[in-house]
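A quick write-up on the structure given underneath.
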Amino acid sequence: MGYIELDVLNNDAPRVVIGIDLGTTNSLAAIWEDKAPKVLAPDGLSAMVPSVVHVPQEGNPVVGSAARAQALVDPQHTVFSVKRMMGRGLDDLDLNHNPLPFAVAEDGRKLARVDLHGKLWTPQELSAWILVGVLEHARQATGAEIAAAVITVPAYFDDAQRQATRDAARIAGLEVLRIINEPTAASLAYGLGQSEPQTVTVFDLGGGTFDVSLLSIEDGVFQVLATNGDTRLGGDDFDQTLVQLAREELTGQVPAELFQDPAFLSAARLAAEKCKQALSSDPEAEMHLALPEYDLNWRRRVTRQEFETLIRPLVERTLQSCRRALADAELTTDQIDEVVLVGGSTRVPLVRAKVEELFGRKPHTTLNPDHVVALGAAVQAHVLTGGTRDVLLMDVTPLSLGVETVGGAVSKMIERNSTIPCSHTEGFSTYAEGQTGIDFHVVQGERELAADCRSLGRFELKGIPPMPAGMARVGVRFAIDADGVLTVSAKEESTGTSSSIEFKPMHGLTDEEVERMLDEGFENAQADFDQRRVVDLHTELGTMLAAIARSMEPAQAHLDPESLADLTEAVEAAEQAQTSQDRHQVQASRDRLEQASLPLAAILMDGVVREAITGKKVDEV
Ligand code: AMP
């Protein structure tokens with residue numbers, strides 16, 4: 001995995017936090033400024049960075065519009081739709097139906113990789129380059145360094161896809177404040193759910209995909225009730241109806257092979273898109289197709305009504321998805337309080353009208369549908385960095401609440417200034433093989449290490465059946481009721497073993513104590529960040545070294561001498577790094593160990609697969 005050097009720790013420039021919409025087609029960033037979120041666009045440039053990466057034979061990859069311009073010139077090395085590959089295998093990509101102009105292969109772990117000039121690129125690395133493009137855009141627009149970001153992902157993204165998104169940020173040298181769901185961000189951008197509990201529909205129709213999400217928002221807790229959609233439905237299909245119209249009317253007038261010519265396909269698609277977009281504001285528009293080499297100069301006026309007849313079946317499919325989502329959530333349309341539109345294709349008047357008709361209410365349309373998600377991410381970034389301090393009221397948690405995790409770091413469960421009542425549940429697992437109990441240490445404060453926060457108490461979840469490390473699924477729920485009483489409960493999912501304890505976090509801290517802890521949090525933010533990272537890295541190193549030690553036998557038997565020597569050296573360096581406090585050194589050792597252990601991982605994976613086929617044990621392979 002390649003690491004992109006990004007000087008985000010430069011202390012001279014001001015540092016800001018931003019929200020990032022890492023999209024399939026376009027990505028963009030937004031920031032909270034003057035009491036509102038706004039998208040970031042350098043002077044004279046669009047806020048949108050096309051999510052396209054061009055990898056030349058030599059030199060660094062190119063991102064954004066410059067990369068998109070290479071799509072026709074060098075299609076084999078111009079990668080788009082990376083988001084669809086994140087955390088996915090080849091089977092998931094369905095390449096028979098979605099052929100791509102660049103080569104996609106599978107690595108030893110059955111994950112999709114893109115083959116560019118003989119090097120296999122992970123989707124994470126390619127996404128990291130897109131993030132680098134967005135960060136550069138943001139830096140130019142703000143004149144500041146980007147300290148951290150909230151990044152959005154689709155609500156249906158699973159753990160692997162979310163983790164892949166985090167990894168992309170890590171490779172790009174970007175600290176992720178939080179990963180949030182795109183529909184949650186869209187709702188935040190409109191400030192929904194701030195007063196009464198609400199049920200919101202987020203209707204997201206982009207260029208190639210359609211997603212609908214139903215959310216309940218109560219006391220600042222956004223819960224996804226249901227999602228539905230179609231990964232092959234979007235504005236491109238609207239364009240195709242007009243391309244088809246052109247084809248039908250040109251049949252007989254031009255040689256049949258013209259319809260297969262890439263020049264025709266590309267020109268027709270562009271002409272159709274232009275006409276479609278004009279029809280969003282005008283009752284009539286012209287589709288103009290000019291191909292001088294075929295002596296073709298075709299003009300056709302299209303009325304909005306005619307276009308609507310063509311796309312009606314497609315729009316009906318989006319409504320079907322909405323009905324399915326409603327059924328899944330056991331809701332009826334009259335229980336929906338708000339409808340939010342996201343994605344460029346929601347500008348089509350028929351789409352707006354049909355959505356309004358189905359839900360019986362006007363959708364929110366005041367914000368640019370292409371910007372809504374990034375704007376919401378900026379709102380969340382602002383909240384997470386304490387931006388709502390000026391509205392600190394009695395009914396919010398004055399300090400963050402969290403649990404201590406392995407190595408003494410704090411996993412924050414409820415951020416300070418969250419309005420109460422509120423709750424948050426997060427999944428944890430066991431660290432050691434056969435671990436049958438987990439000791440939870442509940443802490444309050446803004447610092448990254450538990451030792452620097454105020455301890456609220458401990459409780460233990462016992463009776464977890466012995467399992468391999470990392471297999472137990474323990475849901476930990478923090479809930480603060482209207483009186484400020486915190487209840488922490490933990491439940492192991494496979495056995496249902498549970499335990500809980502009540503704390504009173506709102507009492508016992510004086511205002512001065514709260515102020516001091518807040519100030520310390522700000523003053524020590526950078527030192528904490530480094531220290532916290534070192535603790536996390538030591539933990540990771542420990543886990544990796546233990547796993548490698550367990551696999552030394554197959555490693556010695558099956559690794560080629562060069563890989564084995566490389567692994568042995570990396571292990572020695574990692575063992576030394578375990579006592580180092582230098583973040584950069586520990587990070588470098590960890591990365592080197594990961595790289596050096598890849599051949600071993602491939603052998604083990606092969607072994608597991610073969611074992612599954614032949615019934616042999618790994619070390620017999
Ligand atoms: P997104 O994936 O959200 O960037 O949406 C891109 C899609 O929105 C493309 O199919 C565009 O053609 C479409 N789009 C952008 N502007 C308009 C518009 N004014 N009217 C209709 N469709 C539009």
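The values are calculated or read from the model by the stated rules, or taken from the named source; none is laboratory data. Keep in mind that what you see is a predicted model, and the values were worked out from it rather than measured. Neighbour counts are summed over all protein chains in view; Cβ atoms, including those assigned to glycine, are modelled from backbone coordinates with ideal geometry. In case anyone asks, the SASA skips ligands and DNA or RNA and just uses the protein heavy atoms, side chains included. Shrake-Rupley method; radii C 1.70, N 1.55, O 1.52, S 1.80 Å.
The residues of the range 293-304 that are open to solvent by 30 Å² or more (accessible area, probe 1.4 Å) and either more than 16 Å from the ligand (Cβ to nearest atom) or on the phi > 0 side of the Ramachandran plot (or both), listed by number, are Glu293, Tyr294, Asp295, Asn297, Arg299, Arg300, Arg301. Counting residues in the range 97-110 that are at pLDDT below 80, crowded, with 16+ Cβ neighbours inside 10 Å and closer than 21 Å to Thr231 by Cα gives zero. Restrict the check to the range 328-336 and report whether at least one residue is within 13 Å of the ligand (Cβ to nearest atom), hydrophobic (A, V, I, L, M, F, W, C) and in contact (Cβ under 8 Å) with a residue 60 or more places away in the chain. No, because not a single residue in the range 328-336 is within 13 Å of the ligand (Cβ to nearest atom), hydrophobic (A, V, I, L, M, F, W, C) and in contact (Cβ under 8 Å) with a residue 60 or more places away in the chain.
Each residue in the range 84-96 was checked for being touching a residue at least 24 places away in the same chain (Cβ under 8 Å) and open to solvent by 50 Å² or more (accessible area, probe 1.4 Å), and 2 pass.
With respect to the conditions (1) more than 17 Å from Asp204 (Cα to Cα); (2) under 34 Å from the mean Cα position of the chain (by Cα); (3) at pLDDT 95 or above; (4) of a type outside the set (Val, Ile, Thr), Glu286 falls short on a single one, namely (2). Among what's in the range 197-228 and is open to solvent by 10 Å² or more (accessible area, probe 1.4 Å) and without any contact (Cβ under 8 Å) to a residue 60 or more places away in the chain, pick the residue that is nearest to Ala36 (Cα to Cα). So, considering only residues that are open to solvent by 10 Å² or more (accessible area, probe 1.4 Å) and without any contact (Cβ under 8 Å) to a residue 60 or more places away in the chain, the one nearest to Ala36 (Cα to Cα) is Phe222.
Applying the criterion of being part of a strand (DSSP E or B) and not acidic (Asp, Glu) to the residues of the range 277-292, the residue that is nearest to the ligand (Cβ to nearest atom) is Ala285. Here Val176 meets the list (1) surrounded by fewer than 24 Cβ atoms within 10 Å (Cβ to Cβ); (2) hydrophobic (A, V, I, L, M, F, W, C); (3) more than 21 Å from Asp591 (Cα to Cα) almost entirely, failing just condition (3).
Note on the range 337-375: residues that are without any contact (Cβ under 8 Å) to a residue 40 or more places away in the chain, assigned to a helix (DSSP H, G or I) and within 15 Å of the ligand (Cβ to nearest atom) amount to 3.
Of the strands (runs of 3 or more DSSP E) lying entirely inside the range 164-260, those carrying at least 1 residues that are acidic (Asp, Glu), touching a strand residue (DSSP E or B) at 6+ places or on another chain (Cβ under 6 Å) and within 14 Å of the ligand (Cβ to nearest atom) are 198-205, 210-218, 221-230. Taken together, the residues in the range 402-423 that are more than 17 Å from Gly386 (Cβ to Cβ), out of contact with any His (no Cβ under 7 Å at 6 or more places or on another chain) and at pLDDT below 85 amount to 2.
Taking the criterion of being over 20 Å from Asn368 (Cα atoms), surrounded by fewer than 24 Cβ atoms within 10 Å (Cβ to Cβ), within 16 Å of the ligand (Cβ to nearest atom) and not small (Gly, Ala, Ser), the only residue of the range 19-68 that qualifies is Arg68. Mind listing whichever residues of the range 271-281 are surrounded by 12 or more Cβ atoms within 10 Å (Cβ to Cβ) and not basic (Lys, Arg)? Within the range 271-281, Ala271, Ala272, Glu273, Cys275, Gln277, Ala278, Leu279, Ser280 qualify. Within the range 471-486, the residues that satisfy the criterion of being more than 22 Å from Leu384 (Cα to Cα) and open to solvent by 30 Å² or more (accessible area, probe 1.4 Å) are Met471, Arg473, Asp483.
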